[in-house]
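All remarks here apply to the structure that follows.
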Amino acid sequence: QVQLVDSGGGLVQPGGSLRLSCAASGSIFRIARMNWYRQVPGKQRDLVATITDGGSTNYADSVKGRFTISRDNAKNMAYLQMNSLKPEDTALYYCNLRAGVMDYWGQGTQVTVSS
């Protein structure tokens, strides 16, 4: 069983930065693809960024150049550094781990970008 704990959300002004963290239990982390999703009420959950077990990354067009996903396999941690935040980045952000048929989610951390 894998548990994911998201943290790091909060209220930030436009143009500001936040760093989200995802702590994972279990040895499967090292071979898992880690993803960050976000969701606003009434809309589907959208993929924001992904990082493979080998460190390859991919981003949604809306966050390219502003967000950076990373991982620390020694600590079983994944991160999402968010810079130049915009009001439209406001959402509940979820960490997601996928390995084969296994699919686990964090509880979500709220990010609000507002002046």
Note to self: So THR57 ticks every box in (1) without any contact (Cβ under 8 Å) to a residue 60 or more places away in the chain; (2) closer than 15 Å to ASP6 by Cα; (3) surrounded by 13 or more Cβ atoms within 10 Å (Cβ to Cβ) but one. Which box is left unticked?
What the structure shows: (2)
Next item on the list: Run GLN110 past the list (1) polar (S, T, N, Q); (2) more than 24 Å from PRO14 (Cβ to Cβ); (3) touching a Leu at 6+ places or on another chain (Cβ under 7 Å) and report the number of the one that doesn't hold.
Entry: (2)
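Give the residue that is surrounded by the most Cβ atoms within 10 Å (Cβ to Cβ), with candidates limited to residues of the range 101-115 that are touching a residue at least 12 places away in the same chain (Cβ under 8 Å) and assigned to a loop (DSSP other than H, G, I, E, B).
If we filter the range 101-115 for residues that are touching a residue at least 12 places away in the same chain (Cβ under 8 Å), which is where we start, we get 102, 104-115.
Checking which are assigned to a loop (DSSP other than H, G, I, E, B) leaves us with 106-108, 114-115.
Values: GLY106: 23, GLN107: 12, GLY108: 17, SER114: 10, SER115: 8.
By that ranking, first place goes to GLY106.
Within the range 1-16, track down each residue that is of a type in the set (S, T, N, Q) and under 13 Å from TRP36 (Cβ atoms). Quick ask: steps written out before the conclusion?
Going through the range 1-16, the residues of a type in the set (S, T, N, Q) turn out to be 1, 3, 7, 13.
Passing the criteria: only SER7.
Each value in this text was obtained by applying a stated rule to the coordinates, not by laboratory testing. No experiment lies behind these values; they were computed from the predicted model shown. As a convention, Cβ positions derive from the backbone with ideal geometry for all residues, glycine included, and neighbour counts pool all protein chains shown.
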